[in-house]
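Below you'll find the structure, written out as structure tokens, and then a few comments.
Bear in mind that the values in this text are calculations on the coordinates, not laboratory data. Given the structure is predicted, the values throughout are model-derived calculations rather than measurements. Ideal geometry is used to build each Cβ from the backbone, glycine not excepted, and the neighbour counts take in all protein chains shown.
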Amino acid sequence: DGNVTISNLEKFYGEGAERTKAIEDLSFEIDGGEFVSVVGPSGCGKSTLLYLIAGFLDASTGTISVDGTPIDGPGTDRGVVFQDYALFPWRTVFENVTYGLEEGGVPKDERQATAQRYIDMVDLDGFEDKYPKELSGGMKQRVALARTLAYEPKILLMDEPFGALDQPLRESLQDQLIDIWGDLEKTVVFITHDVEEAVYLSERVMIMTRHPGTKKMVTEVDLDRS
Ligand code: ADP
Ligand code: ADP
């Protein structure tokens with residue numbers, strides 16, 4: 001479960017002379033439960049790739065399949081964590097985490113139990129009634145992670161989630177993410193421009209370049225985690 005197959009993917013932005021090729025002939029596979037990082041310089045197409053997998057953007061050509069079925073827009077099988085947290089400022093921690101479950105029509109009791117479980121998982125028990133503005137950056141990102149985990153996507157898509165945090169905080173969140181990934185056995189696709197972070201976290205690191213006309217995914221590095 002949570003297998004992603006990308007076949008001959010291309011993505012252009014704009015038209016005519018303004019046309020930018022963000023993704024060019026990209027094919028690769030991610031196994032269910034695998035932790036993959038995608039690294040590369042700014043502008044190489046990392047975010048575009050992530051938002052294509054999320055279904056927020058449509059491919060110009062090619063397909064993305066999850067467990068053999070081509071995606072058609074966003075779905076609850078894929079959850080996204082953004083660099084800027086994207087929390088609802090008018091909702092408490094608890095209400096932020098229950099949001100996706102309300103949308104999904106989960107009954108109230110179950111919603112509350114599930115939300116509490118993920119709040120505990122990211123070590124935010126006791127902060128349920130705080131508003132985002134009362135929290136540090138690290139705590140906000142943990143709320144965002146809990147909110148995404150709460151609707152139990154098979155695939156977790158993370159776009160530079162720790163990019164706005166200072167180094168000690170980054171390291172503590174990296175360790176927390178490794179623990180959560182170990183417990184939940186979800187597929188993780190982690191975008192970063194920080195090679196060290198990618199190597200620390202992942203089982204496999206994929207490297208993209210920015211040079212036009214070159215193959216986007218240049219190298220894959222498998223890291224032995226056993
Ligand atoms: P990265 O995440 O690696 O920094 P992006 O996926 O954001 O790269 O961008 C890849 C390329 O596509 C860049 O050349 C960028 O300028 C371009 N691009 C990204 N989004 C848009 C957009 N909405 N309209 C036009 N060009 C875009
Ligand atoms: P981390 O996100 O790794 O826990 P932080 O620097 O965000 O690191 O916070 C460290 C701890 O300090 C938190 O776990 C929390 O107990 C406490 N803390 C941080 N910000 C606040 C706040 N606004 N209100 C109450 N406690 C806080």
Scanning segment 115-134 residue by residue, those of a type in the set (A, V, I, L, M) and either within 17 Å of PHE82 (Cα to Cα) or in a helix (DSSP H, G or I) (or both) turn out to be ALA115, ILE119, MET121, VAL122
Residue under question is PHE162, and the condition is that it be of a type outside the set (Ser, Thr, Tyr) and in a loop (DSSP other than H, G, I, E, B); does it hold?
yes
If ASP31 meets every condition in (1) under 23 Å from GLU197 (Cβ atoms); (2) crowded, with 18+ Cβ neighbours inside 10 Å apart from one, which number is that one?
(2)
Scan segment 83-114 for residues that are part of a loop (DSSP other than H, G, I, E, B) and either of a type in the set (A, V, I, L, M) or over 19 Å from the mean Cα position of the chain (by Cα) (or both) and jot them down.
ALA86, LEU87, PRO89, TRP90, ARG91, THR92, GLY104, GLY105, VAL106, PRO107
Residue within segment 49-66 that is at positive phi, under 18 Å from the mean Cα position of the chain (by Cα) and not aliphatic (A, V, I, L, M) present
yes
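Quick grid of which residues meet (1) farther than 28 Å from THR192 by Cα; (2) in contact with a Gly (Cβ under 7 Å, 6 or more places away or on another chain); (3) surrounded by fewer than 14 Cβ atoms within 10 Å (Cβ to Cβ):
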| position | (1), (2), (3) |
| --- | --- |
| THR69 | no, no, yes |
| GLY79 | no, no, no |
| GLU103 | yes, no, yes |
| GLN116 | yes, no, no |
| LEU124 | no, no, no |
| GLU128 | yes, no, no |
Within 16 Å of ligand 1 (Cβ to nearest atom), outside any loop (DSSP other than H, G, I, E, B) and either surrounded by 15 or more Cβ atoms within 10 Å (Cβ to Cβ) or within 15 Å of the chain's Cα centre (by Cα) (or both): does that describe MET139?
no
Segment 14-52: number of residues that are aliphatic (A, V, I, L, M), in a helix (DSSP H, G or I) and within 12 Å of ligand 1 (Cβ to nearest atom):
3
Report every pair of residues separated by at least 6 positions or lying on different chains whose Cβ atoms are under 7 Å apart, first residue within segment 131-145 and farther than 12 Å from PRO161 by Cβ, second of a type in the set (Lys, Arg) and more than 16 Å from ligand 1 (Cβ to nearest atom).
PRO132/LYS140
Would segment 102-116 turn up any residue that is touching a strand residue (DSSP E or B) at 6+ places or on another chain (Cβ under 9 Å), on the phi < 0 side of the Ramachandran plot and of a type outside the set (Asp, Glu)?
no
Residue identified as on the phi < 0 side of the Ramachandran plot, over 17 Å from the mean Cα position of the chain (by Cα) and surrounded by fewer than 18 Cβ atoms within 10 Å (Cβ to Cβ) among GLN167, GLN176
GLN167
One residue from GLY73, GLY55 being out of contact with any strand residue (DSSP E or B) (no Cβ under 6 Å at 6 or more places or on another chain), more than 16 Å from ligand 2 (Cβ to nearest atom), in contact (Cβ under 8 Å) with a residue 12 or more places away in the chain and over 23 Å from ALA146 (Cβ atoms):
GLY73
Scope segment 165-215; condition within 22 Å of ASP1 (Cβ to Cβ) and assigned to a helix (DSSP H, G or I); matching residues:
LEU177, ILE178, ASP179, ILE180, TRP181, GLY182, ASP183, LEU184, LEU201
